[in-house]
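Chemist: This is the structure I want to talk about, given as structure tokens.
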Ligand SMILES: Nc1ncnc2c1ncn2[C@@H]1O[C@H](COP(=O)(O)OP(=O)(O)OP(=O)(O)O)[C@@H](O)[C@H]1O
Ligand SMILES: [Mg+2]
């Protein structure tokens, strides 16, 4: 077991027990004990008193002993972990016994006061298959408590089978969903994370899913699909597909499946319509019809549209010096998009020594090289109709009505309507519910377009 795995394991255990994650000091103490350092050495490294370090270490060792049914001491810490044979892959904690993998999650341990052997036997009866190889590790996470609650409510309380997490690139979809998975991993028997950044036909994806669940794929596509749905019915599974917009066609309105990936449409429908106890989370920068959520409470599809972060805390983590005003202003300029903020933070650190107020004193909205190349890709994904609309919208300082756009653009009424809908489904244009309704272009994208050569 590696240090990172020990820390992840301890973090989950403490979270299950105390509702709080490991803090920096607890983490350093566990690392120090694992590395066989003395309390005095750990205390010096952390700049804390030795008695405080001893105190916290004692509590940690006691908690581990209680929860794992073993006598954990500083001197036997490493050997006890090794003897328990706990291994962890990504955020999945697995205790291996013979050929079986079984979930040794803190929740099982915490909820149960049975002796160790009984716990192991109980867990053994449930095979778990977790593949999080392609999921990112989350180190810092800010401000998405309400979105996390919404996801929990949809998945854990309301059993919604198809959930889409949508929003602009960099807004935090992947980070949010991974955080949800980290917090609730042990509630699912199967958790599989796949990215469609380099998409593959549905049949190959199903092969992968079956393979993770140690099932040999049957010969035909229909049989494979049936095999997969048998698993979704028998086990509580969470399947996550990231970067789903890559199966849609470039240069057309949003959410149009490429013909080679058309099968996915049907797959998403069956996930929604059939009876099973599992969940599919889709993450995408573009919405398609299967992600559209109607308001009805019983409607089986739900989507979560992410907007920007609003808290200044993320800026200090990026090494920026801000006061209340400049911090909020920077966040507002970059619409709270953590990816834009990270890009611009590098620039502010390099050229303005991290001083946000100095950076803001510059004229205009700065579009970094990274943002520029990202927007180039985004612009190329748009249909010709959408390109015309965004270029026109970028000429206005204020939001614009449909009628005003119609007067400036050589587009049929239906093209304009479809184009405006598609741009909203890409989160580039938002609607302001005034009379008449106005359309607003994303600020950063507007700035990028203003510097673009005429079409
Ligand atoms: N809540 C958050 N707290 C801290 N950092 C965040 C948060 N959300 C996102 N980030 C950071 O912002 C960056 C972009 O986030 P993420 O990759 O989740 O965006 P995304 O919406 O999945 O983008 P894309 O559509 O391009 O995949 C990452 O570096 C991530 O660490
Ligand atoms: Mg992502």
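No lab work stands behind these numbers, since they all come straight from the coordinates. Remember, predicted model here, so these are calculated numbers, not experimental data. Reconstructed Cβ throughout: ideal geometry from the backbone, glycine too, with neighbour counts over all protein chains shown.
Chemist: I need the fraction of alpha carbon pairs in the chain separated by more than 35 Å, rounded to a whole percent. Before the final figure, lay out the partial values.
Modeler: Details: 44071 of 103285 pairs.
Across the chain, Cα pairs with separations above 35 Å total 43 percent.
Chemist: Let me ask something else. Just need log10 I(q)/I(0) for the stretch 167-310 at q = 0.12 Å⁻¹, Debye formula, equal scatterers on the alpha-carbon atoms, no solvent, rounded to two decimals.
Modeler: -0.51
Chemist: Sticking with this structure for a sec: In whole Å, how far is the Cα centre of the stretch 1-58 from that of the stretch 313-346?
Modeler: The distance from the Cα centre of the stretch 1-58 to that of the stretch 313-346 comes to 31 Å.
Chemist: Kindly provide log₁₀ I(q)/I(0) values, in the same order as q = 0.19, 0.26 Å⁻¹, from the Debye equation applied to equal alpha-carbon scatterers of the stretch 368-444.
Modeler: So the normalised log intensities are -0.77, -1.37.
Chemist: For labels at residue 401 and residue 452 in the simple 7 Å Cα→Cβ model, what's the distance in nm?
Modeler: Each label point lies 7 Å from its Cα, and together they span 2.6 nm.
Chemist: Can you put 261, 142 in order, fewest other beta carbons within 10 Å first?
Modeler: So the residues, fewest neighbours to most, are 142, 261.
Chemist: Counting pairs of Cα atoms in the stretch 313-363, how many percent are more than 19 Å apart?
Modeler: The proportion of pairs with Cα distances above 19 Å equals 7 percent.
Chemist: Run the numbers on the stretch 169-277 and let me know its relative contact order in percent, using alpha-carbon pairs under 8 Å that are six or more apart.
Modeler: Relative contact order here is 32 percent.
Chemist: Report the Cα centroid-to-centroid distance between the stretch 226-248 and the stretch 372-405 in angstrom, as an integer.
Modeler: With the stretch 226-248 and the stretch 372-405 each reduced to a Cα centre, they are spaced 35 Å.
Chemist: So in the chain, what percent of DSSP beta bridges are antiparallel if you round to the nearest 5?
Modeler: The antiparallel fraction comes to roughly 40 percent.
Chemist: Rounded to the nearest 500 deg cm²/dmol, what is the calculated helix-only ellipticity per residue at 222 nm for the chain, with -39500 (n - 2.57) per DSSP H run of length n ≥ 4?
Modeler: -14000 deg cm²/dmol
Chemist: Quote the FRET efficiency, to the nearest 0.05, computed for residue 17 versus residue 73 with a Förster distance R0 of 22 Å and r equal to the Cβ-Cβ distance.
Modeler: E between residue 17 and residue 73, to the nearest 0.05, is 0.70.
Chemist: Using 0.36 nm per residue of separation minus the Cα-Cα distance, give me the extension gain between residue 435 and residue 377 in nm, one decimal.
Modeler: The residue 435-residue 377 span can extend by a further 17.5 nm.
Chemist: Would you work out the relative contact order for the chain, in percent, from Cα pairs under 8 angstrom that are 6 or more residues apart?
Modeler: RCO, the chain: 12 percent.
Chemist: Could you calculate the contour length gain from residue 50 to residue 349, that is, 0.36 nm times the residue separation minus the distance between their Cα atoms, to one decimal place in nm?
Modeler: Taking residue 50 through residue 349 to full extension adds about 104.0 nm, to one decimal.
Chemist: Once you keep just the Cα pairs under 8 angstrom separated by 6 or more residues, what percentage relative contact order results for the stretch 373-450?
Modeler: 37 percent
Chemist: Run through every distinct alpha carbon pair of the stretch 163-207 and return the Kirkwood hydrodynamic radius in angstroms, one decimal place.
Modeler: 12.5 Å
Chemist: Given the Cα-Cα distance of residue 159 and residue 218 and 0.36 nm per residue of separation, how much length would full extension add, in nm?
Modeler: Extra length available between residue 159 and residue 218 comes to 18.4 nm.
Chemist: For the pair residue 229 and residue 370, what calculated FRET efficiency results from E = 1/(1 + (r/R0)^6), where r is the Cβ-Cβ distance and R0 = 41 Å, to the nearest 0.05?
Modeler: 0.50
Chemist: For the pair residue 252 and residue 414, how long in nm is the line joining their label points, each one 7 Å along Cα→Cβ?
Modeler: Label-label distance for residue 252 and residue 414, simple model: 1.6 nm.
Chemist: Given a Förster distance of 45 angstrom, what is the FRET efficiency for residue 361 paired with residue 59, based on the Cβ-Cβ distance and rounded to 0.05?
Modeler: Working: r = 49 Å, r/R0 = 1.09.
Efficiency, from the Cβ-Cβ distance: 0.35.
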